[in-house]
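Everything on this sheet refers to the single structure shown next.
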Amino acid sequence: MASLVLENLRKNFGAVAVLHGIDLAMASGEMLVIVGASGCGKSTLLRLVAGLEVPTGGRILLDGSDVAPLDPAERDIAMVFQNYALYPHMSVFDNMAYGLRIRGVAKDAIRTRVDSAAEMLGLTPLLMRKPRQLSGGQRQRVAMGRAIVRQPKLFLFDEPLSNLDAKLRVQMRAEIRRLQRRMAVTSLYVTHDQVEAMTLGDRLLVLHQGRPVQLATPMEVFENPANTYVAGFIGAPSMNLFPAALSHGGTAAVFSPGQVIAFTDGRRPGADGRKLILGIRPEHVAIDPAGMELQIDLIEPLGSETVVIGRLPDGELFSVKLPGAAPAGESMAVSIPAAHLHVFDAETGLRLDPAG
Amino acid sequence: MNGRTDWFAHLVLCLGALLFLLPIWLVISGSTLDPAAIARGELSLVPRLSGLGVYASVLTQGSPGAGPVWRMLMVSAGMALAIAFGKIIISVLSAYAVAFFRFPFRMTAFWIIFITLMLPVEVRIIPTYTVMSNLGLINTFPGLTVPLIASATATLLFRQTFLAVPDELFEAARMDGAGPWRFLRDILLPVSAANIAALFVILFVYGWNQYLWPLLVATDPKLDTIVIGIVKMIGTETQTEWNRVMATAVLALLPPVMVVMLMQHWFVKGLTEGDK
């Protein structure tokens, strides 16, 4: 249990800046998910906290003291790696006990701690096996066990589920969350999977090209994305984004010749004609016989719901998520409910909230 | 059709095996024959069981021109083991440094090691002799082994092996609190055990078969290796007791064969257990 604070944490690889100054404050016991596309610097951020990389600038405060000059071993942080990084020649027990042995923990204390961690993870019958005799999910559990027995101040997870098959991933995801809540250890979790990010995190930090874009609870990120990048990244299928312009004195937007949507939540700042990006989530699009015509390109039935991908009259790609089965025919009529509309500035990509 | 090719392949295999076995069998059977008979060219393929005593005799008493074989076997074994272990220790350490640490002139160091690959023992034998002579190591056991220990090949092989070890393993060990020595001892060496075993076999045989360097550096009969000993036993045609030479050759063959057979077990075990 510890608090973690990052202050203007920066990292350059040669002339390339990978992280442009991250500020972050985590409460004790919080689970924060760092999410972003590959190459956004999220793994680098984790490795800086772990001590596997040396920061170019900034401070890392663990429980109020700067750990940046410390070796990884001295930071009291445990990490779960993407490929598990289990010691192939050691048994499951030895894999978990190794860190404790190095720290000089007494033999019977090691036994108790490993046994209780194994119990918690359902690994007791496997303690004498070697990693190669385990399935992917079991290896994943051993990697978590190795982190748990250390009773560290901080857990770091580096895409721990990406090597598992889809079903196991869902199962392990729930297990990680349960475990983290139960042990109440402050945790940083890196993933590119937005479902993992939404379900696991108390808060999300969305990174884009080495800059923090939004730091908020999952629902806040989903409902009020800070910019078009976050809007497109979080949510599946991704949000429909299309160009528009401000009109009617800031109370409405016009898009693709003639379509007008009046804002229900108030007027946006700026002169008429200000370039906007409008966003609407596929699940919020309404079927409306009086609406626009959507030429259907592709239908993806997901069982309980159906995703329809088509083109608007102006050729813009547009997706719709419908409860139930797909509509018959080659086109359908849809409308955009103003209540679910997201408005962004076209130049900066930033969210544009009602003025006043 | 398939059965016939199998049968044919088997025949070729047997012929090949026989071809390799024949000279060895000739030496084994020749070692038991009467020296005069061999000198007359009557080399029989059937061993004379009563002649087996020659082995005990060469082992303990030696032959004209050379000491007892047990002593030469000890020298050879000592030399081969020192070379094999020395080479492995030095190359593991240098490969570890080159593969896992960042330091100035790392690649320069690596390339200097690499370049020495192009200079075999024979080429650098005169300067090496001078160095050993200046150090006063002529006719000593260190003089016999130390110059042969430095090895670019083994360093190169270990570097490749170490590079194939995932970085995460090193990082996980660092998070667990293992320093560089502990990582080497607890993780890297066990993980590379199969490679070390394979290399040990090759290096042992290399050390065992050394001829030119021992010939130059050790003139003291006490430091005669078995390979040198065999050559010394061959005097003029009429005086050479060929059965004793052949018996010594058979004895010289045994330790490398034993090492190969023993290590093969470990080698295969290492291969099947290895999981990187």
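Mind checking whether some residue in segment B:239-258 is of a type outside the set (S, T, N, Q), modelled with pLDDT under 90 and not in a helix (DSSP H, G or I)? So far as segment B:239-258 goes, yes, one or more of its residues are of a type outside the set (S, T, N, Q), modelled with pLDDT under 90 and not in a helix (DSSP H, G or I).
Here residue A:230 passes the criteria (1) buried (at least 21 other Cβ atoms within 10 Å of the Cβ); (2) assigned to a helix (DSSP H, G or I); (3) touching a residue at least 40 places away in the same chain (Cβ under 8 Å) except the one numbered (3). Scoring residue B:160 on the criteria (1) part of a helix (DSSP H, G or I); (2) more than 14 Å from chain A (Cβ to nearest Cβ); (3) under 28 Å from residue B:77 (Cα atoms); (4) not aromatic (Phe, Trp, Tyr) leaves a single failure, condition (3). In segment A:169-181, the residues that are hydroxyl-bearing (Ser, Thr, Tyr) form no Cβ pair under 8 Å with any partner that is assigned to a helix (DSSP H, G or I) and at pLDDT below 90, whether six or more places apart or across chains.
Being over 24 Å from residue A:196 (Cβ atoms), away from chain B (no Cβ under 14 Å) and basic (Lys, Arg), is that true of even one residue in segment A:36-58? No, that holds for no residue.
Yes/no per residue for (1) more than 14 Å from chain A (Cβ to nearest Cβ); (2) touching a residue at least 40 places away in the same chain (Cβ under 8 Å); (3) in a loop (DSSP other than H, G, I, E, B); (4) aliphatic (A, V, I, L, M):
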| site | (1), (2), (3), (4) |
| --- | --- |
| B:70 | yes, no, no, no |
| B:77 | yes, yes, no, yes |
| B:86 | yes, yes, no, no |
| B:96 | yes, yes, no, no |
| B:121 | yes, yes, yes, yes |
| B:145 | yes, yes, no, no |
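Per-residue answers, yes or no, for (1) under 20 Å from the mean Cα position of the chain (by Cα); (2) closer than 20 Å to residue B:192 by Cα:
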residue: B:122; (1), (2): yes, no
residue: B:127; (1), (2): no, no
residue: B:136; (1), (2): no, no
residue: B:139; (1), (2): no, no
residue: B:148; (1), (2): yes, no
residue: B:155; (1), (2): yes, yes
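Would you check if residue A:90 is in contact (Cβ under 8 Å) with a residue 24 or more places away in the chain and more than 9 Å from every other protein chain (Cβ to nearest Cβ)? Please lay out each step first, then the result.
On the way: in contact (Cβ under 8 Å) with a residue 24 or more places away in the chain: yes; more than 9 Å from every other protein chain (Cβ to nearest Cβ): no.
No; evaluated as a whole, the condition is false for this residue.
Taking segment B:163-181, which residues are charged (D, E, K, R) and at the interface with chain A (Cβ under 8 Å from one of its Cβ atoms)? Residues satisfying the conditions are B:168, B:171, B:174, B:176. Where helices (runs of 4 or more DSSP H) fall entirely within segment A:42-151, those with at least 2 residues that are under 24 Å from the mean Cα position of the chain (by Cα) are at A:42-50, A:136-149.
The values are calculated or read from the model by the stated rules, or taken from the named source; none is laboratory data. Keep in mind that this is a model prediction, so the values were computed, not measured. Please note: Cβ atoms are built from the backbone with ideal geometry, for glycine as well, and neighbour counts cover all protein chains shown.
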